[in-house]
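Here, each number is a calculation from the coordinates, and none is a lab measurement. Worth saying up front: this structure is predicted, and the values here are computed from it rather than measured. Because the Cβ atoms are built from the backbone with ideal geometry, glycine has one as well, and the counts that use them run over all protein chains shown.
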Amino acid sequence: MASIGPNELFFLAQGLKWTLALTLIGFVGGGIFGLIVALARTAESAALRRVTTGYIAVFQGTPLLMQLFVVYYGVALIGLNIDAWLAVAIAFTLHASAFLGEIWRGGIQAVPKGQTEAAKALGLHYVSTMKDVVLPQAFKISLPATIGFLVQLIKGTSLAAIVGFVELSRAGQIVSNQTFRPLTVFAIVGLAYFLICWPLSLWGARTERRLQTATR
Amino acid sequence: GTVAEAKAKGTVVIGIQGDNAPWGFVNSSGVQDGLDADIGKAFADYLGVKAQFVPLAVANRIPALMTGKVDVLFATMGMTAERAKTIQYSKPYAGNVLSVYGPKDKKIGGYDDLKGVAVGVPKSSAMDTAISAGAKSANILRFDDDAANIQALLSGQVEVVGGNQFYGDRLNTAAPDKYEPKFDLTTLYNGAGTRPGEKDWNETINAFLDKIKADGELAKIYDKWMKREVPKFPEQLPDIPFTAQ
Amino acid sequence: MSYTLDFSAVIERLPELLLAALATIGLALAGMSLATVIGVLGVVARRSRFKLLRGLVIGFVEVIRNTPFLVQIFFIFFALPQLGVRLNPTVTAIIALALNGGAYAIEIIRGGVDAIPKGQIEAGLALGLHRGQIFRHVILKPALRTVYPSLTSQFVMLTLTTSVCTSIAAYELTSVAQKIEADTFRSFEVYFSITLLYLVISSLMMGVFALISRISFNYPVK
Amino acid sequence: MPQSTAAEVPLIALDGVGKWYGAYHALKNISLRVRKGEKIVLCGPSGSGKSTLIRCINHLEDIQEGKITVEGTTLTDSGHAIDAVRREVGMVFQSFNLFPHKTIMENCTLAPMRVKGLSKPESEEIARKYLARVRILDQADKYPAQLSGGQQQRAAIARALCMEPKAMLFDEPTSALDPEMVKEVLDTMIGLARDGMTMICVTHEMGFARQVADRVVFMASGEVIEEGPPETFFQAPRHERTRAFLGEILAHH
Amino acid sequence: MPQSTAAEVPLIALDGVGKWYGAYHALKNISLRVRKGEKIVLCGPSGSGKSTLIRCINHLEDIQEGKITVEGTTLTDSGHAIDAVRREVGMVFQSFNLFPHKTIMENCTLAPMRVKGLSKPESEEIARKYLARVRILDQADKYPAQLSGGQQQRAAIARALCMEPKAMLFDEPTSALDPEMVKEVLDTMIGLARDGMTMICVTHEMGFARQVADRVVFMASGEVIEEGPPETFFQAPRHERTRAFLGEILAHH
Ligand SMILES: Nc1ncnc2c1ncn2[C@@H]1O[C@H](COP(=O)(O)OP(=O)(O)OP(=O)(O)O)[C@@H](O)[C@H]1O
Ligand SMILES: Nc1ncnc2c1ncn2[C@@H]1O[C@H](COP(=O)(O)OP(=O)(O)OP(=O)(O)O)[C@@H](O)[C@H]1O
Ligand SMILES: [Mg+2]
Ligand SMILES: [Mg+2]
C-alpha cells in the first residue's frame, strides 16, 4: 500500500493537465456552437426557435455523464467508431452550447429593443446588427453568467473519465484506491479545483460589479 | 476485431480496471499493473503480439468490450449466471476469497446475523453479488470502490463490510486490532470476458488459460499479487458456459 | 459490432428503476426547497450589518461554488463522523444538495435583490416600513420573479446532480441503475433508459416550475 | 425667514442644513420654515439639489450639518426620530414607485397594517377613502402595470395619504407622465392643497405654482437663491439666475 | 389630399394603410402624402398610433393593408425595397438609442461604412460635418453615457444625417429630455427644417409645430382625424376631438 508522496502528487498534476485541456475543448466548441444556438433561439423564424428550444431542453435536461456515454459508446454501437477525443469534443460541445446558448440568448434579449431598431433604421443588415450592435452588448451583459458556467464546466470535465480520460477526479480516485486515504486525496483534489475555479469566480464577480456600477 | 486481425496488427487491446488494486490498476507512474495486467501481458506473449491496455471503470467496461474498443476484458469480473447472458466468459482464472469484515466486538457468524445491519460493499463487485444473494434483509450500501468502502467502515457509516482478502491488512493499518474477518462468503470466480458469439477469442483464451494453469505461470502471478496459492477451479458452473456456442 | 439491444432485463426491473426515479425526485425536491430557504436567509445575512456574518456567507458561497459536488458530499459523509456527526446517506445527500444549491441560490437571489430599483426601497422607507419589512413585503417577491428562470435552471442542474449521491451509496436512480448494470451487464440498455428517465424528470420539473411561476407571480409587469 | 412668525411653531424647519455626497457639496446652509397648511413649490435647474433637499426631510439621505425638525421632532440618526418623522410626512416620487406585485389596494394598506398595526378591514376602509379622494377607487383591485401613468401617480398619492401624514413631499410628480395625464395629477394635487394639506413640491409646472403655491423657493447649486410668493417671483424675480431659469422654462410654452 | 398636386410625385406616400397588432386595429385606412421639403407634425393622444405610423414608414413594423411608397419604391416585404427605403429615410427615437459601446464618432460612421461601404476616413469626414451641424463635434470621442440628454439626442440626429437621407422621421425626440435640454434639440430640428429637410415629426411641442410645420396631422384611435396648416389647426380646429386634445395639451402652459 503506497502513501501519498511526490509520485502521487505528480500523477494528480497529470490529471489536472487533462482537466484543463478538456475545459478548453468544451469552451471553444461550446462557444462557437453556443453562439449559433443563441442566434437561432432569438431568430425570427418560429421553426428555428422551436428546434433550438428542444435542443436546449434535451442537453440541459440529461446528465452530462449520459451524454458522454451515448456519444462515445452509443454511437459506436451503430458502427461509428470515434476517437475518445472526438467523442469528448462532441459531447462537451453539445452540453456547453446548450448552456451557453441559453445564457447568451438572455444577454441578447436583454439588449434594449431600441438598439436593434436603431440599427435597422440605419439600414444595417442582420450580420452587422448582430456583430456591431447587439452581440458586444449582449456578451458584456452575460459575462458573469458565462464565467459562472465556465467554472461549472471545469468541474464537469471530471465526467470524461467514462470515456477513459484520467483527469483530475479520476486520478484522485485511482490514487485513493492505491493509498486508501480517500479523504486526504479528495481534499487535495478539491483544493486543486478550488485554486483553478476561485480566481475565475472572483473575476466574474468583479466584472459583474463593474458592469452594475456602469449602468447605474 | 478477430484474433487473426489482432495478430496481423501485432497488438491485442486488453481492458483492465483502472483503480482496483491489486487486481487491475494504474500505478502512480501511470502504468497499468496488478494481477489482471500480468495475465494480460502473458496472454499477449502467448499470441506473440504486444499488449495495449485500456484502463476502465466499472461503468464502462462492458460498453468498451461490446463496441469493440477492447478485444478482451481481464477486468475482475465475477462470474454469475445472469451476467453470462450478456457476455461470454472464459474458464475461470482467479478466485475471489471474499469475507465479511467487522469490528472485533461485534458478533457476526453468518448471513443470518446481517439482518438489518448496514453492510458496505464496493459497487458491482463480487462481494455485492454474494451478500445481495445471501442476506436479502441486510441494508447494503454500495460504494464506488474499495477505498470508499473501507472509509465507510472506518467512519462508522457502515457496521461491517464485504471485502476481499486484502481488507485485513488495510483495516489493520488504518485501525490496528480493531477489525477482523467474520465469515467467508461463497467463493466467486473471475473469468475473462469476450463478446458473445466470437468463438475465436473465447477458444484462444481458454487454450491460453489451460496453458498457464499447466505450466505454473498462473501460480507465479497469483503468488505475486494474491500472496496465496491458485485455488482449485471448478470444471463447470451452473448456467455459465465457458465456451462459445 | 453485432450487439443487439435487449431491453428485457431492464423492463423486468423497471419497477425498481421507477421507484428509484421517485427517490431522485424526492432528493431533488428536498434539496431545492432547503436550497431556497438557504438562499433567502443567505441573502438576508449577506445584507446584514454584521461584517463577520457577511464574511461567513461569502466564504461559504465561494467554497461551495468552486469545488466539485463529489468532494463536498464526501466530506459530509466521511469526514463529519470524525467530528462525531454521523448522517445516513439519504440525509447526507439532502444536506449536500441543499448546501450546494443554497450557495448558488444565494448568488442568484442576491442578483435579483440588487436589481430591484432603489425607488422601491425608498418608497418603503418613506412609508415608514423597516428594513426587514421592506425585504419581506417589497423586495422579495419581485426579486424572486426576476431571477426565477436562473433559479429554476439551477434547480434542474441540481436534479441531475443527485446522480453523484450514488458515490456515498444513497438510494437514487443512478445507484439502482448501476446495480442493475452490475447484475446483468446490460450497460447500454440501462444507461439509455435512465438518460430518458432523467429527461422525463427534468421536463417534469420545468413544467412544475412554469406552473408555480404562473400561480405565484401572477401580477403583470410592463 | 420672513414668512414664519416667531409665535408659530413651524411644521417643518431646516436650520443651516449642509449635505455632502463624498466631496461634493450638494446642499449649502439651507434654512427653511414651513408652517402648517403652507404650500411650497421648489424649483431650480437640474442638479441644484431640490430632490436632495426633500429627501433629507424624511431622512432618505442624512445630513452632515445643521438640523431638520418635523413637528418638534429633530431628525437625528436615532431610529425613533426617523420613524416618527416618516409617519408624519408622506412622499410621492417622480417614478411612482408603486409595488408592482401588489394590487393598488394592497399598496395602500401595507404601511397602515405593518407600521400602524391597523387591522385589514380598518386599513382597507382608509384606503377606500383616499382612493375615492383621488378618483381611482374603481381601480383598487388592479395591479400597477394595468394602470395608466396618471392613474399610477394618483395611486401613489393615495398610498401616501393612507398614512394620514401631516405634510406631503412631492418630487416632480408629473415629469414622468404623458402630457395628457399631467392634468389629472395636478388636479388631484390642487384638490389636496385646497383641503389644507401642508406640501413641499418640486415641479416645473409653473401654472401649478401660480395657482396653489404660498411661496416659490428657487434653488441653484445647492443654495436657496430666492423665495417669495408666486406673483412677485414670476413677475419680478430679483436675481439674474432666477430670470435666466424662468426664461428657459417658459420659452417653449 | 389637398396639399399634393397631382403633377408632383410625393417623396412619401401612404395609401389606405391598415395595421393590426394581433386583433387590435392600430392604423385604420391611413392615406398621407409628403412632398419633398415638406414638414409634417403628427400629434394626437397617447395610443392613437403616431409611433406605429412612422415606424411603418421605414418598415420597423409591417402593414397588412394598403401600401407605402418612398421615393417611388413600394415597401413590400422584399429585402431590397426595405433596404432602399431605410437608406433614404433617417429616424430619431424618443430614447436616442445610441449604441452605448461605441463613441459618438463610431455611432455616426457605422452605417455609412457597413451599408454604403464607405471607407473609414470618408465616413469620418461626413460624421464631422454633421456633428458640427448639430454642434457637438467636440464630443465626438466620448461615449453616449458621458453626454447630457440633449447632447445625446443631437448625436442621434447627426447619426441619422450621416446616411444623408432624403427624409427624417422623429418620434417624440424631446419627450425624454429635461426641460432645459428641450430647447437645444428643438433648435437643431428647426435648423434642419430651414435647410429644407423633409420631416415627419411626432411631438407635443406646439411651439415647434407653429414655427416649422407645413401641415399638422392629428390622429386619434388609429385614424387621421384632421390635418391642415398650423394656423388654421390651432386657431380653428374643425373636430371636437381635436379641440379637446388641444385644450388638454395647452392647459398648463
Ligand atoms: N447619491 C448621490 N451621490 C453623489 N452625488 C449625488 C447623489 N445624488 C445626487 N447627487 C448630486 O447632487 C446634486 C443634486 O442632485 P439632486 O438630485 O438633488 O438635483 P435636482 O435639483 O433634484 O435635479 P433634477 O432636477 O435633475 O432632479 C447633483 O449634482 C447630483 O449629481
Ligand atoms: N407591439 C405592439 N403590440 C400590440 N399592441 C401595440 C404594439 N405597439 C403598439 N401597440 C398598440 O397600438 C396602439 C398605438 O400605439 P402607438 O405607440 O403607435 O401610439 P402613440 O400614438 O405613439 O402613443 P404615445 O403618444 O403614447 O407614444 C396603442 O394602443 C398600443 O397599445
Ligand atoms: Mg430631482
Ligand atoms: Mg409613441
*To the nearest whole percent, what portion of all C-alpha pairs in the range C:36-108 is separated by more than 21 angstrom?*
31 percent
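Enter the mean number of other protein chain beta carbons within 10 Å of the beta carbon of each residue in B:149-156, as an integer.
Values: counts 2, 3, 11, 7, 0, 6, 8, 4.
Shielding by partners across B:149-156 averages 5.
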*Calculate how steeply helix E:240-251 sits against the longest principal axis of the alpha-carbon atoms of chain E, using the helix alpha-carbon long axis, and give the answer as 0 to 90 degrees to the nearest 10.*
50 degrees
_If amide hydrogens are placed 1.01 Å from N in the peptide plane, which non-local residues have theirs closer than 5 Å to the one on E:LEU42?_
E:CYS201, E:VAL202, E:THR203, E:VAL217
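Name the trypsin sites (Lys or Arg not before Pro) in the range D:192-253 that are in a loop by DSSP and that have at most 15 other C-beta atoms within 10 Å, would you? Working shown, then result.
Numbers: sites: D:ARG194, D:ARG210, D:ARG215, D:ARG238, D:ARG241, D:ARG243; in loops: D:ARG238.
Answer in residue order: D:ARG238.
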*In a Gaussian network model over chain B where Cα atoms closer than 10 Å are linked, find which of B:PHE53, B:PHE233, B:PHE74 has the largest mean-square fluctuation.*
B:PHE233
_Positive-end residue of A:PHE69, A:SER45, A:PRO136, charge dipole of the range A:6-214 with Cβ unit charges_ = A:PRO136
*D:SER46 label point, 7 Å along Cα→Cβ, cut-off 14 Å on backbone N: hits in the range E:139-169?*
E:145-155
*Write down, largest first, the equivalent ellipsoid semi-axes of chain E in whole Å, where each equals the square root of 5 times an eigenvalue of the alpha-carbon gyration tensor.*
29, 22, 16
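Can you give the extra length, in nm with one decimal, that the chain gains between C:LEU18 and C:ASN218 once fully stretched, where that is 0.36 nm per residue apart less the Cα-Cα distance?
Working: separation 200, 0.36 × 200 = 72.00 nm, distance 3.40 nm.
Additional length available on full extension: 68.6 nm.
Give, as a single signed number, the net charge of other residues whose beta carbon lies under 13 Å from the beta carbon of C:GLU107, with Lys and Arg counted +1 and Asp and Glu -1. Spell out each step's value before the answer.
Numbers: positive: A:ARG209, C:ARG46, C:ARG65, C:ARG110; negative: A:GLU208, C:GLU62, C:ASP114.
Residues near C:GLU107 contribute +1 overall.
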_Rounded FRET efficiency, nearest 0.05, which uses the C-beta distance separating E:TRP20 from B:ASP223 and R0 of 51 Å_ = 0.05
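In peptide D:13-23, what is the residue-averaged number of other protein chain Cβ atoms found within 10 Å of each Cβ? Walk me through the numbers before you get to the answer.
Details: counts 0, 0, 0, 0, 0, 0, 0, 0, 0, 0, 0.
Mean partner-chain Cβ count within 10 Å for D:13-23: 0.
To the nearest µm²/s, what D does Stokes-Einstein give for the range E:119-188 at 4 °C and 1.567 mPa s, using the Kirkwood radius over alpha carbon pairs as Rh? Please report the intermediate quantities before stating the final value.
Values: Rh = 12.6 Å.
Estimated via Stokes-Einstein, D reaches 103 µm²/s.
Give the residue list of chymotrypsin sites (Phe, Trp or Tyr not before Pro) in the range C:37-140 that are DSSP loop and have at most 14 other beta-carbon atoms within 10 angstrom.
Here the sparse-neighbourhood loop sites are C:PHE50.
What do you get for Rg/Rh of the range C:1-122 when both radii come from the Cα atoms and Rh is the Kirkwood radius? Spell out each step's value before the answer.
Values: Rg = 19.9 Å, Rh = 17.1 Å.
Taking Rg over the Kirkwood Rh, I get 1.16.
Residues with beta-carbon under 12 Å from that of B:GLN52, excluding B:GLN52: net charge, scoring Lys, Arg +1 and Asp, Glu -1? Can you show the working numbers first?
Values: positive: B:LYS9, B:LYS41, B:LYS50, B:LYS69; negative: B:ASP71.
Here the count lands on +3.
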*Percent breakdown of C-alpha pair distances by 5 Å bin, ordered from the shortest bin, for chain A*: 1, 7, 12, 15, 15, 14, 12, 9, 6, 4, 2, 1, 1, 0, 0
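Relative contact order for chain A: what percent, with Cα pairs under 8 Å and sequence separation of 6 or more?
Working: 241 pairs, mean separation 66.0, N = 216.
Across chain A, relative contact order equals 31 percent.
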*asked:* If you split all Cα-Cα distances of chain B into 5 Å bins from zero, what percentages do you get per bin, shortest first?
replied: 1, 7, 14, 18, 19, 16, 11, 8, 4, 2, 1, 0
_Long-range HN-HN contacts of D:ILE12 with modeled amide H, under 5 Å_ = D:VAL34, D:GLU71
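Report the per residue volume, in Å³, of the convex hull enclosing the C-alpha atoms of the protein assembly as shown. Mind showing how you got there, number by number?
Values: hull volume 256.7 nm³, N = 1189.
Once divided by residue count, the hull of the protein assembly as shown is 216 Å³.
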*Taking the Cα centre of chain A as the origin, how large is its charge dipole in debye, to the nearest 20, when only Lys and Arg (+1) and Asp and Glu (-1) carry charge on their Cβ atoms?*
580 debye
_Å³ per residue enclosed by the Cα convex hull of the range E:12-74_ = 80 Å³
_Cα-centre dipole for chain B with unit charges at Cβ (Lys and Arg positive, Asp and Glu negative), debye to 20_ = 180 debye
*Would you mind checking which residues have amide H under 5 Å from B:ILE140's amide H? H placed 1.01 Å from N; only 5 or more apart, or other chain.*
B:VAL119
_Teacher prompt: D:GLY66 distances to equivalent labels in other copies, 7 Å Cα→Cβ, nm_ = 5.8
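What length, rounded to one decimal in nm, is gained on full extension from D:ASP178 through to D:ARG194, with 0.36 nm per residue of separation minus their alpha-carbon distance?
Working: separation 16, 0.36 × 16 = 5.76 nm, distance 2.48 nm.
Result: 3.3 nm gained on full extension.
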*For A:TRP198 and C:ARG136, what is the calculated FRET efficiency with R₀ set at 25 Å and r taken between the beta-carbons, to the nearest 0.05?*
0.15
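Counting only helical runs of four or more DSSP H residues, what would the 222 nm mean residue ellipticity of the protein assembly as shown come to if each run contributes -39,500 (n - 2.57) and the total is spread over all its residues?
Working: 43 runs with 593 residues, N = 1189.
Calculated at 222 nm, the ellipticity per residue is -16000 deg cm²/dmol.
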*Taking each residue of C:187-194 in turn, how many C-beta atoms of other protein chains fall within 10 Å of its C-beta, and what is the average?*
6
*Förster radius 30 Å - calculated FRET efficiency between C:VAL200 and B:ASN139, Cβ distance, rounded to 0.05*: 0.55
_Space enclosed by the convex hull of the alpha-carbon atoms of the range D:1-114, per residue, Å³_ = 144 Å³
*Taking a point 7 angstrom from the Cα of C:ASP114 along the C-beta vector, which residues in the range C:151-175 have backbone N less than 18 Å away?*
C:151
*Kindly provide the pair-distance distribution of the range E:75-176 built from C-alpha pairs, with 5 Å bins from 0 and whole-percent values in order of increasing distance.*
2, 14, 23, 25, 20, 9, 5, 1, 0
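Which value, in debye to the nearest 20, describes the size of the charge dipole of the range C:8-216 about its Cα centre when Lys and Arg Cβ atoms bear +1, Asp and Glu Cβ atoms bear -1, and nothing else is charged?
Details: 17 positive and 10 negative charges, 235 e Å.
I would put it at about 1120 debye.
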*Residue by residue, what Karplus-based ³J(HN,Hα) values in Hz, rounded to whole numbers, does the range D:81-89 have, using 6.51, -1.76 and 1.60 with θ = phi - 60° and x for Gly and Pro?*
4, 5, 4, 4, 5, 5, 6, 8, 10
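Run through every distinct alpha carbon pair of the range C:8-216 and return the Kirkwood hydrodynamic radius in angstroms, one decimal place.
Numbers: mean 1/r = 0.0533 Å⁻¹.
Kirkwood radius, the range C:8-216: 18.8 Å.
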*Among the trypsin sites (Lys or Arg not before Pro) within the range B:12-92, which fall in a DSSP loop and have no more than 10 other Cβ atoms within 10 Å of their own Cβ?*
none
*In chain C, which whole DSSP H runs stretch at least 15 Å along their own axis (Cα) and average 1.6 or higher on the Kyte-Doolittle scale?*
C:14-46
*When all alpha-carbon pairs of the range A:1-126 are counted, what percent fall beyond 17 Å?*
68 percent
